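Contents: one structure, followed by commentary.
The values are calculated or read from the model by the stated rules, or taken from the named source; none is laboratory data. Since we're looking at a predicted model, the values are computed, not measured. Because the Cβ atoms are built from the backbone with ideal geometry, glycine has one as well, and the counts that use them run over all protein chains shown.
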Amino acid sequence: MSKAPPITNRVRELREARGLTQTDLGDAIGVTRHTIIAIEQGRYSPSLESAFRIARLFGLGLEDVFGWEEPVRSSRAGKR
Amino acid sequence: MPFREKSAWLMLICLGLVSVAYAALVATMSNAVGQLVPPLIPLLVVFTVALVVLATGSHIVIAVLAPRDAVAPTDERDRAVSARAGTWSGYVFAAGVALALGLYLIVRNGDLLFYCVFGSWVLAQLSEYAFEIAFYRRGI
C-alpha cells in the first residue's frame, strides 16, 4: 500500500528549539495537530504550500527544513 | 488519533454490524421460504435508521470527548486521505458491480442483481473506511 515518502524533515527539532507546541505550529500553518505529528514522524509529506509556510515560520529556506533521502536500493542492484 | 480516523473506525464498525445483521436476516428469510426473498423496503428503512442512530450516537460521544478536534476543519492531509481512499474504494465498487452484472447474465435473477450491487456498494463503503484508517496510520 503506502510506503514512507523519501522526504526527511527537521520540523520537530526546529519546533522544539523555538518552544512551539504541535498545536501552535498547526494553527500557524493551517493544519491540525495530528498532521504536524504525521509530518514529524515522516508519515506525511506536506504540500509545497505548507512546506513553505513551515520554513518561513522558522525563518529558514525550504531545504534547511526538508530533505530528500535517496531510496536504499538492494545490494544486488547496487553492484550493477 | 485524528477525529476523522476515529470517525472512520466508528463507521466501519457501525456499517459492518448493520450490514451483517441485514445479510443474516435476508439469508434466514430466504432459507425459510426456499428462495431468495426480494428486497423489502421496510427492512431497508429499519436498517438505515439503525445505522443513522448508531452512527450519530457514537459520533456525539467522540465529539464530546474531543470537542476541539471535532470542530476542526479538514486540512490537506484529511483531504488527501479521503481522496485516495475514495479512489481505491471506487475500484472495489466497480469490481463488485462488474461481477454482479456478469452473474446476472448467467442467472437472470433481478433480486440477486439488486443484492449483489447493494452488497458491492456496502463493501466499497466499508473498504473506504478501512483505507482511510490505513492511510492515517501508515502514511500517505
Checklist entry - Which ones in region B:47-69 are over 16 Å from the mean Cα position of the chain (by Cα) and among the β-branched types (Val, Ile, Thr)? => result B:ILE60, B:VAL61, B:ILE62, B:VAL64
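Limited to region A:46-62, what total is found for residues that are within 14 Å of another protein chain (Cβ to nearest Cβ) and outside any helix (DSSP H, G or I)? Break it down into steps so the answer makes sense when it comes.
If we filter region A:46-62 for residues that are within 14 Å of another protein chain (Cβ to nearest Cβ), which is where we start, we get A:46-54.
Keeping just the survivors that are outside any helix (DSSP H, G or I) gives A:46-47.
Within region A:46-62, residues that are within 14 Å of another protein chain (Cβ to nearest Cβ) and outside any helix (DSSP H, G or I) number 2.
Take A:GLU70 and tell me if it is away from chain B (no Cβ under 14 Å) and modelled with pLDDT of 95 or more.
Values: away from chain B (no Cβ under 14 Å): yes; modelled with pLDDT of 95 or more: no.
No: the conditions fail for A:GLU70.
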Checklist entry - Looking at region A:5-45, which of the residues that are among the hydroxyl-bearing types (Ser, Thr, Tyr) and assigned to a helix (DSSP H, G or I) is farthest from the other protein chains (Cβ to nearest Cβ)? => result A:THR23
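Find the helices (runs of 4 or more DSSP H) located wholly in region B:59-140 whose residues include 2 or more that are surrounded by 15 or more Cβ atoms within 10 Å (Cβ to Cβ) and either without any contact (Cβ under 8 Å) to a residue 40 or more places away in the chain or of a type in the set (Lys, Arg) (or both), and list them.
Values: elements: B:67-71, B:76-107, B:110-138.
Where helices (runs of 4 or more DSSP H) fall fully within region B:59-140 and carry at least 2 residues being surrounded by 15 or more Cβ atoms within 10 Å (Cβ to Cβ) and either without any contact (Cβ under 8 Å) to a residue 40 or more places away in the chain or of a type in the set (Lys, Arg) (or both), they are B:76-107, B:110-138.
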